[in-house]
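To keep things clear, I will list the structure first and then write my remarks on it.
Only the coordinates and a few stated rules stand behind these numbers; no lab work does. Owing to the predicted nature of the structure, the values given are computational and were not obtained by experimental measurement. Methodologically, a virtual Cβ is constructed for each residue, glycine included, from the backbone with ideal geometry; neighbour enumeration extends over all protein chains shown.
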Amino acid sequence: MKRNIVIHRKITWLLLFSVITLGVASGFIYSGKKNIEKSSAFINQTYETIEALQMAITSVYETGAVSHLLFDSLEKINRENNDLRNTLPVLRQYLAAKRPNAATVKLLYAMLHEEKQLLVKRKAASKLVNQRMAAFLISGRVGAFLFVVIILLMVNKDISRHKKTQRQLMAAIREAQQARRMQEQFLANMSHEIRTPMNGIKGMTDLLLETPLSEKQQDMAGMIKRSINTLLVIINDILDFSKIKAGKLHLEKIDVGIREILTSTRSLFAHPLHSKGLQLQISVDPGIPELVTGDPHRLNQVLNNLLSNAIKFTNKGTINIDVRIQEQTADTMVICFKITDTGVGIPEESIGYIFDSFSQASDDISRRFGGTGLGLTICKQLLQLQGGDISVTSVVGQGSTFQFYLPYGLSNKQAMETPAVAAIQEYKNLLAGKNVLVAEDNEINQKLIEFVLRKAGGSVTIANNGEEAVQHLQKDKVYDLIIMDLQMPKMDGYATTYYIRHQLRLTTPIIAMTATAMKDEQWQCLHAGMNEYMTKPFEFAELYKRIVQLVD
């Protein structure tokens with residue numbers, strides 16, 4: 001920007017100099033023209049005077065006197081150039097006194113000699129004026145040319161430097177874009193590589209808890225599951241934070257049941273609330289409709305994070321969740337959520353930066369309570385991405401109040417009467433008599449999904465990649481459901497689904513199951529022809545609910 005200003009300034013100076021130079025040159029040319037015209041006039045008058053004097057001398061020789069006509073002509077010329085102001089009166093006296101011709105001729109010769117000397121001087125002066133004028137014009141042109149050349153060279157240098165800077169900037173942009181693509185790929189790989197084993201660990205632990213165990217074994221397996229859930233929260237925080245920074249976080253715009261999410265949240269934290277003897281009270285404004293439009297997953301994520309913190313930092317008392325309408329228009333509703341606890345509180349000097357990345361209220365928080373310091377940062381950024389925001393008030397020793405608001409669209413749909421989440425045992429015969437094809441390249445996840453589907457009564461066929469899945473489908477056996485991993489060797493989930501839909505022309509329901517969970521991935525899955533989308537690690541009950549919607 002600064003370099004552009006410099007270039008414009010130099011061009012402006014060039015134009016200004018050109019205008020000034022043109023004006024000065026015009027003045028000098030006009031003045032020189034006048035001087036040349038004046039000098040030429042004097043020279044012409046001198047020639048006329050010389051011619052008149054020569055005629056007067058001739059007249060004296062021929063007639064013995066100067067005719068009155070010649071004398072009048074000399075007087076007229078004298079009035080214009082005043083060359084004969086000293087000698088013309090003497091000639092008048094000679095003519096009046098009728099002096100001898102010899103004296104008159106001598107005077108006329110003296111006057112002629114004087115005029116010829118003046119003629120030489122005036123020619124020399126005229127020549128000098130012409131030379132000076134020519135020299136001025138030449139030097140002016142050379143100077144102007146040099147100035148223009150210098151300015152143009154400077155401008156060209158600036159333009160070349162500007163182009164070089166632009167090339168460097170474009171190169172930097174390309175490098176940044178390449179770095180961003182590499183970052184996105186790294187996030188996708190990290191998400192896949194972390195979630196894939198986590199899915200196996202979590203799933204196998206859930207299966208283990210459903211087997212007959214001694215009380216001690218049950219307690220140990222329960223601790224494993226709680227540790228897995230804690231680790232999963234930390235992993236999700238780090239991955240979500242990275243995705244937000246990379247602009248790869250996906251936000252949905254679907255029906256949201258505020259009361260259903262609050263009920264789910266209460267159920268999720270029932271155990272830690274009970275173990276610490278805390279009471280959770282939830283109050284919802286009756287004016288809030290059963291369904292609004294927004295992103296239920298991100299609301300659930302924010303509520304879970306804030307409630308988890310409230311439970312973590314509260315040893316006795318109650319935790320209140322108050323949900324109210326903050327503002328409403330014809331097609332939108334801003335809903336305010338307030339989470340109040342009776343915990344340890346936050347020092348006033350720490351409130352200003354608790355929403356910063358990797359920040360916690362004090363140095364011993366991470367040692368006493370754990371955590372990455374990313375939870376509140378992610379909450380704030382998630383809310384701001386959706387047009388909301390969050391604030392906090394706190395008193396040390398008395399508790400804290402976190403308040404956030406989110407805009408939601410109004411939905412015309414009515415909430416369906418849905419029972420509470422069913423126990424897994426209720427899905428025992430869900431897939432009885434059904435054939436399920438599972439395309440999954442990870443051995444642990446193969447065994448996990450096979451156990452989960454067989455528990456529901458299904459017959460399971462495992463394919464190690466997309467090619468094997470296609471080969472199974474090309475045989476005569478009919479499958480009622482396909483569970484498709486996205487990242488597989490030889491033929492990934494997208495290509496396999498496209499082939500199934502467009503080459504085999506099968507309408508078999510397909511559930512995408514991915515450990516990547518990047519922005520636009522769900523859209524890509526649905527666009528490829530899949531019917532449902534789930535991320536790893538998954539809850540068994542959630543998978544069963546999806547299957548119920550797809551399989552008769």
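Shape of region 493-552 from its Cα gyration tensor (a ≥ b ≥ c, root eigenvalues): rounded if a/c is under 1.5, otherwise prolate when a/b > b/c, or oblate? Since a/c reaches 1.5 but b/c is at least a/b, the shape of region 493-552 is classed as oblate.
Judged by the mean number of other Cβ atoms found within 10 Å, the most tightly packed of the peptides 334-340, 305-311 leads the ranking 305-311, 334-340.
The distance between label points at Gln549 and Ile159 comes to 6.2 nm (points 7 Å beyond Cα on the Cα→Cβ vector). Spin-label pair Lys106-Val149: with each label point 7 Å from Cα along the Cα-Cβ axis, the two points sit 6.5 nm from one another.
Summarising the label geometry, the points placed 7 Å from Cα in the beta-carbon direction at Lys216 and Ser283 lie 4.9 nm from one another. Averaging Cα coordinates gives a centre for region 288-347 and one for region 482-515; these two points are 38 Å apart. Extension gain for the segment Trp523 to Ile234, taken as residue separation times 0.36 nm less the Cα-Cα distance, is 101.4 nm to one decimal.
I need the semi-axes of the equivalent ellipsoid of region 424-550: take the C-alpha gyration tensor, multiply each eigenvalue by 5, square-root it, list largest first in whole angstrom.
20, 17, 14
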